[in-house]
Amino acid sequence: RSMMAQFFYVGAQVCVSSFFILYAEKIGGLSLNKANIFLGLLLICFMTGRYAGAWLMTKFNAAKLLTLFAAGSVILSLVIVFIGGMPGVISFLGVEFFMSIMYPTIFSMGIKNMGEKTEIASAYLVMMIVGGALLPPVLGFVADKTTIQTAYFVPLICFVIITLYARKELET
């Protein structure tokens, strides 16, 4: 389960960030210069989320926090896909914030209680970065056939899968 979650997380992260400029220009109506500035703000939100998430992990269960952050990404992705415009562009700020804890949290949960198999489990989890190579072409294909706004269904589906994974981890 952790490998699948990691695959979809990395794919979502690369999709969200890589196609943002196109979305911001075509759907948000921003100039290239403003879209680039906004991309910098997204990365600041990601960094802020990583630090805030690390602090929150000292107060809350990791699976619970991952569930909340993944659900937040789902909700904001719905705005990106169904509302668009500047509300969609602004929603990317929250998605970046919420994505920030996903990789290390999924990784830690994936190797927990692995004992002698920790090394091989961690190797497999790292290999799941292949999602970042395989899912962006899917988003690009969907964008070519429809619109960039509709194509953001790809990371939306990824965040749904991560939310389901995190909820399942809460039960174990």
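The values are calculated or read from the model by the stated rules, or taken from the named source; none is laboratory data. All of these numbers come straight from a predicted model, not from anything done at the bench. Cβ coordinates were reconstructed from backbone atoms using ideal geometry, including for glycine residues, and neighbour counts include every protein chain displayed. Quick note on the areas: whole protein, heavy atoms, side chains included, nothing else; ligands and nucleic acids left out. Shrake-Rupley method; radii C 1.70, N 1.55, O 1.52, S 1.80 Å.
Remarks
- Verdict on I161 being at pLDDT 95 or above and under 26 Å from G40 (Cβ atoms): no
- Counting only helices (runs of 4 or more DSSP H) wholly contained in region 67-172, the ones carrying 1 or more residues that are touching a residue at least 40 places away in the same chain (Cβ under 8 Å), under 21 Å from A52 (Cβ atoms) and of a type outside the set (K, R) occupy 85-99, 102-111, 153-171.
- Residues satisfying the criterion are absent from region 42-51 (criterion: of a type outside the set (G, A, S), open to solvent by 60 Å² or more (accessible area, probe 1.4 Å) and under 25 Å from F141 (Cβ atoms)).
- Members of region 85-124 found to be surrounded by 21 or more Cβ atoms within 10 Å (Cβ to Cβ) and over 16 Å from A63 (Cβ atoms), listed by number: G88, V89, S91, F92, V95, E96, F97, M99, S100
- Among the residues making up region 28-41, those that are open to solvent by less than 40 Å² (accessible area, probe 1.4 Å) and touching a helix residue (DSSP H, G or I) at 6+ places or on another chain (Cβ under 9 Å) are G28, L30, A35, F38.
- Answer residue from region 52-66, given it is outside any helix (DSSP H, G or I) and free of Cβ contacts under 8 Å to residues at least 12 places away in the same chain and is surrounded by the most Cβ atoms within 10 Å (Cβ to Cβ) among those: F60
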